[in-house]
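Only the coordinates and a few stated rules stand behind these numbers; no lab work does. Everything quoted here is computed from the prediction, not taken from an experiment. Counting neighbours? That spans all protein chains shown, and the Cβs are built from the backbone with ideal geometry, glycine included.
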């Protein structure tokens with residue numbers, strides 16, 4: 001039972017930004033920990049101008065007129081009209097009927113838009129969210145590992161493939177974003193959750209405020225065969241959190257298991273150390289078929305926590321009693 005009057009309404013531009021940011025930072029900061037980069041007005045402005053943004057999918061939950069929750073609903077046409085939902089709320093309401101109502105609201109919106117299935121991401125410490133999702137018929141369909149490496153522990157006895165040439169990705173160089181987009185799509189084709197990205201989406205991603213990006217291409221002869229992109233949060237560096245992230249890495253199928261991924265990672269981690277970073281983090285699909293998990297473990301990465309993908313059909317509620 002919710003004590004008070006709950007209203008979930010569309011996000012109002014020019015009115016709700018501060019409340020949205022405050023709620024997202026409170027929730028994500030708690031569950032994602034010190035590695036979470038707090039969001040600001042600049043980040044929200046970037047999101048609104050991104051090619052994947054749908055303003056009709058943003059909602060604010062109010063209890064007796066006080067903003068207590070934020071919702072993002074997305075419908076991906078290139079993934080078979082699959083829905084995605086993200087929910088943030090004030091910590092005092094975690095695990096309550098208010099959170100359950102927000103989940104049901106997302107299902108109602110997606111049902112009205114003709115979406116067949118919906119997915120959502122949770123971290124393993126979001127036990128109340130997991131309980132509510134499972135009570136509403138969601139099932140865990142995939143597991144990812146968040147892995148971390150103290151760069152002081154990076155193994156120095158491992159060498160990458162000596163047959164490849166590496167060069168930095170230059171965003172201002174004609175063709176580099178297009179080449180990155182091609183390699184990313186080819187490397188991840190057929191993997192869980194794959195949907196092709198566009199040049200415009202990757203341009204937006206690599207212009208996210210508050211982050212510094214660095215990338216490398218790998219060439220086998222004159223043929224581009226792989227890439228890596230890393231990032232460092234400027235705000236984390238200002239607050240003393242010397243953490244960097246391996247955002248994405250991929251090698252084309254015919255060139256895997258030749259040490260190309262190792263060469264890319266070693267050079268990328270070298271850049272992180274040059275930026276004063278002390279700890280590297282990445283996320284990997286536990287069922288990845290490319291051998292990525294073994295590569296990361298070989299370099300010294302260890303599992304810090306898990307993230308899960310939950311999914312259910314939208315069409316009918318399946319609440320368990």
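I'd like the distance separating the alpha-carbon centroids of the range 156-235 and the range 11-58, in whole Å. Answer, in whole Å: 26.
Given a Förster distance of 51 angstrom, what is the FRET efficiency for residue 239 paired with residue 163, based on the Cβ-Cβ distance and rounded to 0.05? Spell out each step's value before the answer.
On the way: r = 41 Å, r/R0 = 0.81.
Plugging the Cβ-Cβ distance into 1/(1 + (r/R0)^6) gives 0.80.
Determine the shape class of the range 208-321: with a ≥ b ≥ c the square roots of the Cα gyration tensor eigenvalues, call it rounded for a/c under 1.5, and otherwise prolate if a/b is greater than b/c, oblate otherwise. Oblate. Once both labels are positioned 7 Å from their Cα atoms along Cα-to-Cβ, the gap between residue 3 and residue 304 label points is 3.7 nm.
Provide 199, 7, 309, 251 in ascending order of the number of other Cβ atoms located within 10 Å of each residue's Cβ, fewest first. If you can, show how the numbers build up before the last one.
Values: 199 14, 7 11, 309 19, 251 28.
Arranged by neighbour count, lowest to highest, 199, 7, 309, 251 become 7, 199, 309, 251.
If you take every DSSP beta bridge fully contained in the chain, what fraction is antiparallel? Give it as a percent rounded to 5. Bridges in the chain that DSSP calls antiparallel: roughly 95 percent. Shape verdict for the range 165-226, please, from the Cα gyration tensor: rounded (a/c under 1.5), prolate (a/b greater than b/c) or oblate. Note, shape of the range 165-226 comes out oblate. Take the Cα of residue 155, step 7 Å toward its Cβ, do the same at residue 128, and the gap between the two points is 4.2 nm. Highest GNM mean-square fluctuation among 81, 256, 173, for the chain modelled with Cα contacts below 10 Å: 173.
Which of rounded, prolate, oblate describes the range 24-77, given a ≥ b ≥ c as roots of the alpha-carbon gyration tensor eigenvalues and a/c under 1.5 marking rounded, otherwise prolate only if a/b is larger than b/c? Write out the running numbers ahead of the final one.
On the way: a/c = 1.78, a/b = 1.13, b/c = 1.58.
Note, shape of the range 24-77 comes out oblate.
When the Gaussian network model of the chain links Cα atoms closer than 10 Å, the mean-square fluctuations of 258, 107, 272 top out at 258.
For the chain, what does the helix formula give at 222 nm: sum of -39500 (n - 2.57) over DSSP H segments with n ≥ 4, over the residue count, nearest 500 deg cm²/dmol?
Numbers: 9 runs with 97 residues, N = 321.
Value at 222 nm, helices only, nearest 500: -9000 deg cm²/dmol.
Calculated FRET efficiency, residue 172 to residue 289, Cβ-Cβ distance, R0 = 35 Å: about 0.50 to the nearest 0.05. Any idea how far the Cα center of the range 236-298 sits from the one of the range 66-120, in Å? About 31 Å separates the Cα centre of the range 236-298 from the one of the range 66-120. Between residue 104 and residue 208, residue separation times 0.36 nm minus the direct Cα-Cα distance comes to 34.3 nm.
Among 207, 12, 50, whose mean-square fluctuation peaks in a Gaussian network model of the chain (Cα, cutoff 10 Å)? In this elastic network of the chain, the residue with the biggest mean-square fluctuation among 207, 12, 50 is 12.
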